[in-house]
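One structure is given below, encoded as structure tokens.
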Amino acid sequence: MRAPPLASVSHDGLNDRQREAVRYLDGPCLVLAGAGSGKTRVITRKMAYLLGECGYLARHVVALTFTNKAAREMNERVRAQVGARLLRGLTCGTFHSLGLRLLREEHACAGLKPGFSVLDAADGLAMVQSLLETTDRARLRAVQQQISLWKNALLAPEDAGAHAAGPEQLEALRIYHSYQATLQAWQAVDFDDLIYRPARLLAQDADVRARWQARIHYLLVDEYQDTSACQYALLKYLIGDRARFTAVGDDDQAIYAWRGATSENLTQLAHDYPALRVIKLEQNYRSVQRILQAANRVIAHNPRHFGKTLWSDLGSGEPIGVIAMDNEQLEAESVAMRLSADRFGRAACWKDFAVLYRSNHQARLLEQALRALHIPYTVSGGQSFFDKPEIRDIMAWLRLIANVDEDPAFIRAVTTPRRGIGQGTLQCLAAEAARSGGSLFAAARQLPADAFPTARQAVAVAQFVQWMLAFQGRLGERAAGLLDDVLQATGYEAHLYDTLEERQARTRWGHVLELREWLVRKAQEEGLTLVELVQRVALVTLLERSDEEAPDAVKLSTLHAAKGLEFPHVYLVGVEEGLLPHRGHEEDPGQDASADAARGSRLEEERRLMYVGMTRAQRTLQISWCRRRRRGREDVACEPSRFIAEMGLEAGPAAATADPQATLARLRQLLKN
DNA sequence: CGAAGAGTAGTTTTT
DNA sequence: CTACTCTTCG
């Protein structure tokens, strides 16, 4: 982060407001931190303050974030200030990882066995599919999302009925009931359960509540505006009457309402804790004035609860560029070329640049365009390492060893690599499981050999069961040896080379070895058992090495994934009606009195997304939109986003009047030489 | 049972 | 255009 000007700070590098936020420990504290106002600095300094000067023991301090990356960064920054020794025992992680830990430690009270599984979204969707018996993907996702929203609103299946309206919601409710029952039968939890179940448990069980409240003496929450009702409930139970906590957030950057977050939690906090000290951070240390002013104008179109006015003394900066391109292909090419020219012209590094967009699929064209000009880049988000089929294959084995009752893992493990067990055999097992009410594995174990159509199937199943039981008995061993034996037993490497082309097999096997390395390293570093490792993997979205090595590369990122980051130069692409704001989110606020009108309209959230994107930029901001864009099959005409008008740029001789197409041709010529 | 082929549907954001 | 699903054949 850029060093603040000397005049406004004292020796400790904090301004008055920031210092107040760090030092205030007497009661509940809410820090309203505008974009670029030094939020991370405050939160890490406060942790250092607690652990250092105030003598809090690390194991009594909990800091919660939304992403693993944010947690890791926070950890490092605090360590740099207080040293590794004082950090031992500190809980600094995501809501989900804290929830997982609580469930693990209190598994008996929660009605779970120690090796319970954590299902990822794909497994959850598969379960909804089997329950709903349809292949309509849109419908399946809608049901899954509805269930997720109910959980985030802390509604059990029994309670959700009161909030379900219409045949579709009632159907979703029916699925919700059986969904939870099936999870319990599998001894599995889904992502949302990692918050939902701990919150319920703390509400119901006074002993558990007392245990955790005694343990947490101070709690800090980052990105508080993105908490759901469920997460807020969890927080309240953890905080207890002591109410020693600091929440940091910015209602203007709330962009996760679609997954159950309610920025009402900000106003709710003042109601629930009348002693709440509210501190506003309004000086922006990131962006030049032109950018900040335009962003302020855009966000001013939203109704706002807290009157923050961000200001900056970093100079006015260059005008914001807005250009229109004929289609997304040209847009991507022009970004690539302007990027090249910019880097040269400003003598900057590649990593000083970011290209931001609304939705993931936009990355494709940009990647192509950048690759064509040999511009190094990294893509944030996108498909995760742990989503790769070869990784899911191996993980299915490990998950099954940890919890033989988890049917999704069973199905995957028993069918890959192919071992003569297919649809027919699985149907046999499913029938038995349905009859006895047990898991597929239990069925495989119990079913006599003559229950299968062919003897071959019976043998294959029996052998698989033997394997599994043998591995299960070795759960206590070191992860490395067990893992190697699993790979050996499955013959996975040979399977890859048998079924794929040489090249592909080699990369995939490489991934498997990477996974092996990662698991073994984790096991050693943090002293985790295989069971713990397997549970944690569901929460890890990216391999950690990916941002450890910091190559000099342009960052391609969705707006959502860009939150919390900053770049000297930002290109914001696809700023059109229908994309940003996204289709179906353009309705004007106010008219309908439906439930989510209270939560603020979707348009407002899209506007905040624009605001987040703009405020990532430190020095220059380039915005582009396309006159035509391919949507599905057909080309459609597009109009510039209303947010461009809302920026209120002075109509000058700047970029608006330049002919981008001509510029493009000129640049193209330039690059040829 | 499993692999290769043809046809078909699909585009928001993520822990 | 691509990725995935369902179908058909060995």
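With the Cα gyration tensor of the range A:382-422 giving a ≥ b ≥ c as the square roots of its eigenvalues, does the rule (a/c under 1.5 for rounded; else a/b larger than b/c for prolate; else oblate) give rounded, prolate or oblate?
oblate
Can you tell me the convex hull volume per residue for the range A:46-108, based on C-alpha atoms, in Å³ to the nearest whole number?
Numbers: hull volume 4.6 nm³, N = 63.
Taking the convex hull of the Cα positions in the range A:46-108, it is 73 Å³ per residue.
Hey, if you put +1 on the Cβ of every Lys and Arg and -1 on every Asp and Glu Cβ in chain A, which of A:25, A:189, A:491 ends up farthest toward the positive end of that dipole?
A:25
Considering all projection directions equally, how large on average is the shadow of the alpha-carbon convex hull of the range A:408-478, in square nanometres?
Working: hull surface 20.1 nm².
The Cα convex hull of the range A:408-478, projected and averaged over all directions, gives 5.0 nm².
Residue by residue, what Karplus-based ³J(HN,Hα) values in Hz, rounded to whole numbers, does the range A:212-217 have, using 6.51, -1.76 and 1.60 with θ = phi - 60° and x for Gly and Pro?
Rounded to whole hertz, the list is 7, 5, 5, 7, 9, 9.
Given +1 on the Cβ of Lys and Arg, -1 on the Cβ of Asp and Glu, and no further charges, what dipole in debye does the range A:386-540 carry about its Cα centre, rounded to the nearest 20?
About 160 debye.
If the convex hull of the alpha-carbon atoms of the range A:117-186 is projected onto planes in all directions, what is the mean projected area in square nanometres?
It is 4.5 nm².
So which lysines pass the test for residue A:351, namely a Cα distance under 16 Å, with those fewer than 8 places away in the same chain ruled out?
Result set, ordered by chain and number: A:555.
With θ set to phi - 60°, apply the Karplus curve 6.51 cos²θ - 1.76 cosθ + 1.60 along the range A:225-238 and write out the HN-Hα couplings as whole Hz, x wherever there is a Gly or Pro.
Calculated HN-Hα couplings, in order: 5, 9, 7, 8, 4, 5, 5, 5, 4, 4, 4, 4, 5, 6 Hz.
Under 5 Å between amide hydrogens, which residues at least 5 positions from residue A:63 or on another chain qualify, with H placed 1.01 Å from N in the peptide plane?
A:91, A:92, A:93, A:220
Principal axes first, then extents: for the Cα atoms of chain A, list largest minus smallest coordinate on each axis, whole Å, largest first.
Per principal axis, max minus min of the Cα coordinates gives 84, 63, 53 Å.
If you average 1/r across every pair of different Cα atoms in the range A:78-125 and take the reciprocal, what Kirkwood value do you get, in Å?
13.2
Fewest Cβ neighbours within 10 Å first, please rank A:374, A:96 accordingly.
Least to most surrounded, the residues fall as A:374, A:96.
List the GluC sites (Glu not before Pro) within the range A:449-504 that fall in a DSSP loop (any state other than H, G, I, E or B) and whose Cβ has at most 10 other Cβ atoms within 10 Å. Don't skip to the answer; put the middle values down first.
Working: sites: A:477, A:493, A:501, A:502; in loops: A:477, A:501.
Answer in residue order: A:501.
Take A:575, A:288, A:61 and order them by how many other Cβ atoms sit within 10 Å, fewest up front.
Sorted ascending by nearby Cβ count, the order is A:288, A:61, A:575.
Whole-Hz ³J(HN,Hα) for each residue in the range A:287-303, computed from phi via Karplus 6.51 cos²θ - 1.76 cosθ + 1.60 with θ = phi - 60°, x for glycine and proline: what do you get?
10, 6, 4, 4, 5, 5, 5, 4, 5, 4, 5, 4, 5, 5, 6, 8, x
So for chain A: antiparallel DSSP bridges make up what percent, rounded to the nearest 5?
Values: 7 of 52 bridges.
Percentage antiparallel, nearest 5: 15.
Express the relative contact order of the range A:207-304 as a whole percentage, based on alpha carbon pairs under 8 Å and six or more residues apart in sequence.
29 percent.
Fewest Cβ neighbours within 10 Å first, please rank A:638, A:349 accordingly. Don't skip to the answer; put the middle values down first.
Values: A:638 21, A:349 12.
Neighbour counts put them in this order, fewest first: A:349, A:638.
Give the relative contact order (percent, whole number) for chain A; include only Cα pairs under 8 Å separated by 6+ residues.
In percent, rounded to a whole number, it is 18.
Under 5 Å between amide hydrogens, which residues at least 5 positions from residue A:280 or on another chain qualify, with H placed 1.01 Å from N in the peptide plane?
A:32
If I take every Cα pair under 8 Å that is 6 or more residues apart in the range A:386-540, average their sequence separation and divide by the length, what percent do I get for the relative contact order?
Once normalised by length, the contact order is 28 percent.
Based only on Cα atoms, what Rg/Rh ratio does the range A:31-161 have, Rh being taken as Kirkwood's radius?
Using only Cα positions, Rg/Rh for the range A:31-161 is 1.10.
Report, in debye and to the nearest 20, how large the dipole of chain A comes out about its Cα centre when Lys and Arg carry +1 and Asp and Glu carry -1 on their Cβ.
Here chain A has a charge dipole of around 1300 debye.
Quick query: amide H of residue A:117 versus all other amide H atoms, modeled in the peptide plane; which residues come in under 5 Å with a sequence gap of 5 or more or a different chain?
Placed amide hydrogens put A:188, A:189 under 5 Å from residue A:117.
How do A:29-38, A:49-58 rank on mean C-beta neighbours within 10 Å, highest first?
The packing order, highest mean first, is A:29-38, A:49-58.
Report Rg (one decimal) and Dmax (nearest whole number) for the range A:386-540, counting Cα atoms only, units Å.
Cα radius of gyration and Dmax of the range A:386-540 are 15.9, 49 Å respectively.
Could you compute the net charge surrounding residue A:188? Neighbours are other residues with a C-beta less than 12 Å from the C-beta of residue A:188; K and R count +1, D and E count -1. Write out the running numbers ahead of the final one.
Numbers: positive: A:113, A:197, A:399; negative: A:120, A:123, A:190, A:193, A:405, A:406, A:407.
Net of charged neighbours comes to -4.
Throughout, read-outs are computed from the coordinates displayed, never taken from laboratory work. From a predicted model like this one, the values you see are computed outputs, not experimental measurements. Don't worry about glycine lacking a Cβ; one is built from the backbone with ideal geometry, like all the others, and counts go over all protein chains shown.
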